[in-house]
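Trainee: I am attaching a structure below and will ask some questions about it afterwards.
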Amino acid sequence: MTDAQPGPSGAGSAARTCYRHPDRTTGVRCQRCDRAVCPECWTPAAVGVQCAECLAAARAAAPKRPSALARAFRPGSRVPVVSYSILGLTLLVFVLQWVTQGAVTAALAYYPPLTAIEPWRMLTVALVHSDSSIFHIVFNMYSLWVLGPLLESLIGRARFAAVYVLSALGGSVAVLWLAPLSIVVGASGAIFGLLGAFFVIQRRLGGRNVQLVVIIAINLALGFLIPGVSWQSHVGGLLVGAACAAIMLRTRRADQQRRQALLIAAVAAVLVAATVVRVLL
């Protein structure tokens with residue numbers, strides 16, 4: 001038997017036949033299983049070469065990299081998944097409003113006289129928008145697209161979700177008390193809650209918020225001046241969002257997180273109590 005030519009595993013190895021091609025002699029061996037491999041059957045490794053079977057086994061044993069979606073949702077990710085999830089869900093519901101020719105709108109819109117038997121409408125109202133004008137959903141979702149990721153990065157996913165949901169509920173409670181016979185659609189209460197929360201946080205951190213005050217004032221004024229716009233929902237959402245942000249700022253330390261959760265829960269309890277009282281009157 002002749003000496004093998006030098007190969008990736010070093011020169012001078014005794015020649016053998018490739019384990020997959022018996023008619024080929026080679027002095028190269030797999031670094032994992034020591035089987036002889038020809039150039040067609042080896043794959044360069046960090047040290048030496050590997051045969052096809054060992055390479056496949058190594059790849060199967062290697063931890064799988066999570067998908068981009070899984071990486072976005074994992075703790076520590078900077079992707080504003082709550083903002084984007086709300087936006088996507090709202091757009092999906094808007095499509096369904098068109099497809100069902102108003103059936104989804106009728107099922108999810110908030111009508112105060114139905115509060116006692118269908119209380120979930122106080123929250124689902126934030127998912128439906130006017131199907132007679134595209135500008136309603138465009139304005140609200142653009143506001144969410146711009147403001148949501150910024151606020152979510154400041155306070156975290158769970159707190160952001162709490163502010164959004166409680167602000168939507170606060171807007172509905174305001175409608176229940178101040179406009180009990182109106183039919184309301186839209187996420188404006190929740191969006192104003194984000195504006196209120198961002199205003200409180202920016203002011204506490206010493207940022208200049210003159211422009212934000214102007215935006216809030218203009219949008220509140222439009223609610224009073226334009227017929228068919230629920231200013232009650234705007235005011236209710238704004239106040240609840242600001243209250244939640246104030247609580248979060250005053251309980252920022254790690255040892256205050258339990259107190260923070262209890263206070264946020266208290267805000268929710270107050271809104272539920274206000275709903276029950278108004279329904280019973």
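The values are calculated or read from the model by the stated rules, or taken from the named source; none is laboratory data. Treat the numbers as computed from the prediction; the structure is a model and nothing was measured. Cβ sites come from the backbone with ideal geometry, for glycine too, and all protein chains shown count toward neighbours.
The rows are residues; the columns are (1) modelled with pLDDT under 95; (2) among the hydrophobic types (A, V, I, L, M, F, W, C); (3) more than 22 Å from the chain's Cα centre (by Cα); (4) part of a helix (DSSP H, G or I).
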site: V200; (1), (2), (3), (4): yes, yes, yes, yes
site: G207; (1), (2), (3), (4): yes, no, yes, no
site: I218; (1), (2), (3), (4): yes, yes, yes, yes
site: Q232; (1), (2), (3), (4): yes, no, yes, yes
site: A243; (1), (2), (3), (4): no, yes, yes, yes
site: L263; (1), (2), (3), (4): no, yes, yes, yes
site: A268; (1), (2), (3), (4): no, yes, no, yes
site: A273; (1), (2), (3), (4): no, yes, yes, yes
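Trainee: A further question follows. Can you tell which of A106, A126 is closer than 27 Å to V279 by Cβ, without any contact (Cβ under 8 Å) to a residue 12 or more places away in the chain and surrounded by 12 or more Cβ atoms within 10 Å (Cβ to Cβ)?
Mentor: Sole residue among the options that is closer than 27 Å to V279 by Cβ, without any contact (Cβ under 8 Å) to a residue 12 or more places away in the chain and surrounded by 12 or more Cβ atoms within 10 Å (Cβ to Cβ): A106.
Trainee: Being among the β-branched types (V, I, T) and at pLDDT 95 or above is the filter; apply it to the stretch 139-170 and report the residue that is surrounded by the most Cβ atoms within 10 Å (Cβ to Cβ).
Mentor: Result: V163.
Trainee: May I ask you to list pairs of residues, at least six apart or on different chains, whose Cβ atoms are under 8 Å apart, with the first in the stretch 46-69 being at negative phi and the second being aromatic (F, W, Y) and modelled with pLDDT of 80 or more?
Mentor: V49/W42; Q50/W42; C51/Y19; C51/W42
Trainee: Next up: Answer yes or no as to whether I218 is loosely packed, with under 15 Cβ neighbours inside 10 Å and either in the same structural domain as R250 (by TED's automatic domain parsing) or of a type in the set (F, W, Y) (or both).
Mentor: Answer is yes for this residue.
Trainee: Please list, ordered by residue number, the helices (runs of 4 or more DSSP H) wholly in the stretch 96-178 having 3 or more residues that are closer than 21 Å to V200 by Cβ and of a type outside the set (A, V, I, L, M, F, W, C).
Mentor: 134-155, 157-178
Trainee: Hey, another quick one. Can you pull out the residues in the stretch 90-101 that are touching a residue at least 12 places away in the same chain (Cβ under 8 Å) and loosely packed, with under 12 Cβ neighbours inside 10 Å? Even if it seems obvious, please write down each step before you answer.
Mentor: From the stretch 90-101, those touching a residue at least 12 places away in the same chain (Cβ under 8 Å) are 90-91, 93-94, 97-98; that's our starting set.
W98 - this is the single residue of the stretch 90-101 that is touching a residue at least 12 places away in the same chain (Cβ under 8 Å) and loosely packed, with under 12 Cβ neighbours inside 10 Å.
Trainee: Continuing with the same structure: Out of the residues in the stretch 238-262 meeting the condition of being β-branched (V, I, T) and under 19 Å from G171 (Cβ atoms), tell me which one is surrounded by the fewest Cβ atoms within 10 Å (Cβ to Cβ).
Mentor: I247
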